[in-house]
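Notes follow the structure.
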Amino acid sequence: MYRKKVLLLGIAVAVVFLLASCINLESVQKVNYALRVEGDEGVKEGYLKVEFTPIDEENYQAKVDYALGEEGFSSTFKVKANDIQGSLFPLMLANPSIAQALGVLSAAQVFLAPAFLGGGELSEGLEWKQKDEEGETEIIVPASETRFGKEALWVEARKDGKLVARILFEKETYFPLVVDFQDPEQLESGQNRFYIEAEEVTWR
């Protein structure tokens, strides 16, 4: 019952953030992520590259390059300037492989829920705990740093004292720069860790 409630809350928050910011692609012209998946069958490495180039005042050319292990995908398409938020959604539906990487980036925003549901603001030093029959969940913001010219905040999630996720968000738009999931319950079967790190970001 508890896991179902958490799942429903997570889905609701993820949808809100997907509609409101969706990895906030509107703030980004170009991002190159390095990917690393550790699982029962070894390690897979790859990348996810997304770039938006203006065509005119109303349209952008979007280019997506993705690879993980032996799987790869590349696409170039046109998107409306006012619809950049949802521009990658069709790719997620059509390509399960890239959907997982984009899903991990989107799901990372669920860990911001305690601060926002409490009417708060994400800031260094934030601590949130909840304990019930399933154990204790803790969300903290232990540190901040500057990456790609902008302030960013580290967010850590722990279950019964064990680190399950560590994420670095750009502070202004909550754009995920690092996502480190270590909870098998949040990953596909056989996976133990999904690590994503931005190696290059060009802001608008």
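The values are calculated or read from the model by the stated rules, or taken from the named source; none is laboratory data. All figures in this text were calculated on a predicted structure; none of them were measured in a lab. Here the Cβ positions follow ideal geometry from the backbone for every residue, glycine too, while neighbour counts run over all protein chains shown. Heads up: the accessible areas ignore ligands, DNA and RNA and are worked out on the full protein's heavy atoms, side chains in. Shrake-Rupley method; radii C 1.70, N 1.55, O 1.52, S 1.80 Å.
Here is how the numbers come out for the structure above:
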| read-out | value |
| --- | --- |
| Search result, residues across segment 61-74 that are open to solvent by 30 Å² or more (accessible area, probe 1.4 Å) and in contact with a Phe, Trp or Tyr (Cβ under 9 Å, 6 or more places away or on another chain) | Q61, K63, D65, G72, F73, S74 |
| Pairs, first open to solvent by 40 Å² or more (accessible area, probe 1.4 Å) in segment 137-148, second among the basic types (K, R), C-beta under 8 Å, six or more apart | S144/K171 |
| Within segment 169-182, tally of residues that are assigned to a loop (DSSP other than H, G, I, E, B) and open to solvent by less than 10 Å² (accessible area, probe 1.4 Å) | 1 |
| Number of positions in segment 130-151 that are over 14 Å from I167 (Cβ atoms) and either at pLDDT 95 or above or touching a Ser or Thr at 6+ places or on another chain (Cβ under 7 Å) (or both) | 6 |
| Residue check, A157 small (G, A, S) and part of a helix (DSSP H, G or I) | no |
| Wholly within segment 46-144, strands (runs of 3 or more DSSP E) carrying at least 3 residues that are within 23 Å of Q191 (Cα to Cα) | 59-68, 71-80 |
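Yes/no matrix, rows are residues, columns are (1) modelled with pLDDT of 95 or more; (2) of a type in the set (G, A, S); (3) touching a Gly at 6+ places or on another chain (Cβ under 9 Å); (4) under 30 Å from G135 (Cα atoms):
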position: L9; (1), (2), (3), (4): no, no, no, yes
position: N24; (1), (2), (3), (4): no, no, no, no
position: N32; (1), (2), (3), (4): yes, no, no, no
position: A81; (1), (2), (3), (4): no, yes, no, no
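Listed here are the residues, each with its yes/no results for (1) out of contact with any strand residue (DSSP E or B) (no Cβ under 9 Å at 6 or more places or on another chain); (2) open to solvent by 40 Å² or more (accessible area, probe 1.4 Å); (3) in contact (Cβ under 8 Å) with a residue 24 or more places away in the chain.
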| site | (1), (2), (3) |
| --- | --- |
| V43 | no, yes, no |
| L48 | no, no, yes |
| D56 | yes, yes, no |
| Q85 | yes, no, yes |
| Q100 | no, no, yes |
| L105 | no, no, yes |
| A108 | no, no, yes |
